[in-house]
1. Please name all residue pairs, on different chains or six or more residues apart, with Cβ atoms under 7 Å, provided the first residue is in the range A:95-111 and is under 10 Å from A:Met121 (Cβ atoms) and the second residue is assigned to a helix (DSSP H, G or I).
2. Within the range A:68-90, is even one residue among the hydrophobic types (A, V, I, L, M, F, W, C) and farther than 30 Å from B:Phe133 by Cβ?
3. With the checklist (1) at pLDDT 95 or above; (2) farther than 15 Å from B:Tyr146 by Cα in hand, flag the one item B:Ile82 doesn't pass.
4. Are there strands (runs of 3 or more DSSP E) fully within the range A:1-106 with at least 3 residues that are within 12 Å of another protein chain (Cβ to nearest Cβ) and touching a strand residue (DSSP E or B) at 6+ places or on another chain (Cβ under 6 Å)? List them.
5. Which residues, counting only those in the range B:126-167, are in contact (Cβ under 8 Å) with a residue 40 or more places away in the chain, closer than 17 Å to B:Lys88 by Cα and not aromatic (Phe, Trp, Tyr)?
6. Here is a list of conditions, (1) touching a strand residue (DSSP E or B) at 6+ places or on another chain (Cβ under 8 Å); (2) modelled with pLDDT under 85; (3) surrounded by fewer than 16 Cβ atoms within 10 Å (Cβ to Cβ), and B:Asp59 meets all of them except one; can you say which number that is?
7. When residues of the range B:1-50 are filtered for being among the basic types (Lys, Arg) and at positive phi, how many remain?
8. Return the total of residues in the range B:136-167 being closer than 16 Å to B:Ala67 by Cβ, at pLDDT 95 or above and of a type in the set (Ser, Thr, Tyr).
Amino acid sequence: MEKLSIEGTPKTPTINFDFGSGVLEIKGRSIPENSIEFYKPLVETLEKYSSKPQANTDVNIQLEYFNTSSSKCILDVFKKLEAIHKNGNKITINWYYEQDDEDMLEAGEDYQAIISVPFKMIQVEE
Amino acid sequence: MLSFKGDVTSELLTSILQIMESKLDNMQEEPKVKRKVYNVLVECLQNLYHHMDEIDQNDKVAEKGRAAIFMIGRVDNQYNIITGNYVKSDNVNPLKGRIDTINSLSKEELKEYYKTVLNNGEMSQKGGGGLGFIDIARKSGEKLAYNFLPVDDRYSFFSLNIKIAQN
């Protein structure tokens, strides 16, 4: 089974995507100057995954910071997931935010309003 | 707290962000305020960075045009972030229009506008997608104060002053 693992840096998040378990995780900071280049491997991997997805895919997004150029790329990722969901495969996006981080909660709600995939907003302790 | 003048490189941005993050930690700034300041810093510094490329490197006038300024300080429970860079005079009116639009919107309208631009907006090759100013306005919760100073017939100096309240 295919896997995608990208180790995090101070400007880019850790990404783990395991086709076998159907779990995609994006964690850390996403503030690169060139987000398109950074997210390209993930978007391509999702393209491959969409031809033979698991019946259930769990997506865990736990970001501390993300810049606006990442926000477009994250939307692209969610749009790929939305397409998989529309084909009858279950997708859940778990959006983690720190207790007092209203901006991060709002950012999740913005995506929730745009993307037709079930979102779960999950509050974590600081 | 920190200021610089000069060419904006990726390495410089990384250093400034690291310095500012540890300064905010040392000042024991509230996590909520710290995150807002950090987010706005990222956006305005990356604005400067992406903007550098628009200035023609072989242009003699633009030699100084490649220099940007950046300042952050705190006065009376308010952070002030000031950026300044040269812009082509042709870009002044579109830029002014964009900021005026943002300043005319309420909090809720800004949220809707952000979603519209996020969902429909085109993305430039480097990933700047016209969301920067909207995001800065949302996170700071204040109007964006700006000024354009004509330099010659081709260039103007654009300055932006962002305020973030501590409470």
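1. That search, which allows pairs on different chains as well, returns A:Trp95/A:Gly108; A:Tyr97/A:Met104; A:Tyr97/A:Leu105; A:Tyr97/A:Gly108.
2. Of the residues in the range A:68-90, the ones among the hydrophobic types (A, V, I, L, M, F, W, C) are A:73-75, A:77-78, A:81, A:83-84.
If we keep only those that are farther than 30 Å from B:Phe133 by Cβ as well, we get A:83-84.
Yes - at least one qualifying residue is present in the range A:68-90.
3. Unmet condition: (2).
4. Numbers: elements: A:3-6, A:14-18, A:23-30, A:56-66, A:90-98.
Answer list for the range A:1-106: A:56-66.
5. Once the filter is applied, which keeps residues that are in contact (Cβ under 8 Å) with a residue 40 or more places away in the chain, closer than 17 Å to B:Lys88 by Cα and not aromatic (Phe, Trp, Tyr), the range B:126-167 yields B:Pro150, B:Val151, B:Asp152, B:Asp153, B:Arg154, B:Ser156, B:Ser159, B:Leu160.
6. (1)
7. Of the residues in the range B:1-50, 0 are among the basic types (Lys, Arg) and at positive phi.
8. 1
The values are calculated or read from the model by the stated rules, or taken from the named source; none is laboratory data. Just so it is clear, the structure is predicted and the values come from calculations on it, not from any experiment. All Cβ positions, glycine included, derive from the backbone under ideal geometry; neighbour counts span all protein chains shown.
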